[in-house]
């Protein structure tokens, strides 16, 4: 049964929860939207559920309040159980549910702030003499109000929306969930990333955590972006070659946080190579050809070079990318030597054919 009752007539007996915490946000909510959930009392006026709501309406100065009357709580055991059930027998929002609510609240808070700023500006324009701090004196007009900071407004809306849902500024975490949700739902997302995003969303729902799943999706998205850069025919050849080399050298087995950093750094190097970059892509872009004398000088300088190094020491110090460069150097050297051998064989064959006398004609 719902009744209207004076606030002072509601008696608060012994409560397990004694610290009611900060009532500022609850008071603001009740002031703006009213009491969304009535206070519950026994027929004799003893509080059963809603100690914080009762304290908030008292703080707001309310004289009367809507209450629910329950006759099922008739013993001390029932009172304690009622307080316990009110605070524990409810299902919290899942990460995706919280993120969906956050997105909607963020939009509404931002729209509300924009309306209030517009109304304030309109009032100031209509009454310039009443602008705070106006000091136009004489014939000079008062200084104009600076335009509202839209970025600050959005940031405040994010914080308000997050606090309304979780009681703290969890906007970064909720933004992470929203981003993964977007990648999972967007048809333009590469199929591999979309599947991983859907899998990690399910993981968020199952264990209630966010950041680890978010990093896994970001690592996949960054890695796939690097691969698409290497395969994109619209990109300059140098960019494609650099991206392919970066992708080959990327350690996909490292932790997601490190993989995100490595993949993004690789994309930056491929798309914005520095002038002194000695990567394979830049070497291919500006290849110089030298003659026999320079070739023989290089061979003389490399003669027996392997005798001057310890293989174990070099192996321990080489990165995966440096090791790949060494293997590429070996493969290129072997291919070049085989090309020389083929050319020398062809030259000897041609020379032999020229030295042989023509065969005599036969009848």
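Summed over region 1-58, the residues that are surrounded by fewer than 16 Cβ atoms within 10 Å (Cβ to Cβ) and part of a loop (DSSP other than H, G, I, E, B) give a count of 18.
Filtering region 200-212 to residues that are within 16 Å of the chain's Cα centre (by Cα) and within 22 Å of residue 187 (Cα to Cα) leaves 200, 201, 204.
Which pairs have Cβ atoms under 7 Å, sit 6 or more apart or on different chains, and link a residue in region 303-327 that is under 22 Å from residue 249 (Cβ atoms) to one that is surrounded by 10 or more Cβ atoms within 10 Å (Cβ to Cβ)? Filtered contacts from region 303-327: 320/249; 320/251; 321/249; 324/248; 324/249. Of the residues that make up region 207-215, is at least one crowded, with 20+ Cβ neighbours inside 10 Å and part of a helix (DSSP H, G or I)? Yes; the residues of region 207-215 include at least one that is crowded, with 20+ Cβ neighbours inside 10 Å and part of a helix (DSSP H, G or I). Considering region 177-199, and only residues there that are surrounded by 21 or more Cβ atoms within 10 Å (Cβ to Cβ) and under 17 Å from residue 94 (Cα atoms), the residue that is farthest from the chain's Cα centre (by Cα) turns out to be 197.
Among the residues that make up region 69-85, is at least one of them modelled with pLDDT of 80 or more, surrounded by 13 or more Cβ atoms within 10 Å (Cβ to Cβ) and outside the structural domain of residue 156 (by TED's automatic domain parsing)? Before you say what the answer is, go through the steps one by one.
Initial filter on region 69-85 (modelled with pLDDT of 80 or more): 69.
In the following step, the residues that additionally are surrounded by 13 or more Cβ atoms within 10 Å (Cβ to Cβ) were identified as 69.
Checking which are outside the structural domain of residue 156 (by TED's automatic domain parsing) leaves us with 69.
Checked region 69-85: at least one residue is modelled with pLDDT of 80 or more, surrounded by 13 or more Cβ atoms within 10 Å (Cβ to Cβ) and outside the structural domain of residue 156 (by TED's automatic domain parsing).
Looking at 282, 247, which one is in the same structural domain as residue 228 (by TED's automatic domain parsing) and at pLDDT below 90? Can you show your working first?
Details: 247 fails: at pLDDT below 90.
On inspection, the qualifying residue turns out to be 282.
Being modelled with pLDDT under 85 and within 29 Å of residue 248 (Cβ to Cβ), is that true of even one residue in region 340-350? No, every residue in region 340-350 fails to be modelled with pLDDT under 85 and within 29 Å of residue 248 (Cβ to Cβ).
Has region 225-241 got any residue that is under 28 Å from residue 94 (Cα atoms) and either surrounded by fewer than 20 Cβ atoms within 10 Å (Cβ to Cβ) or at pLDDT below 95 (or both)? No, there is no match, as no residue in region 225-241 is under 28 Å from residue 94 (Cα atoms) and either surrounded by fewer than 20 Cβ atoms within 10 Å (Cβ to Cβ) or at pLDDT below 95 (or both).
The values are calculated or read from the model by the stated rules, or taken from the named source; none is laboratory data. Remember, it's a predicted structure, so these values are computed and weren't measured experimentally. In this analysis, Cβ positions are derived from the backbone assuming ideal geometry, glycine residues included, and neighbour counts consider all displayed protein chains.
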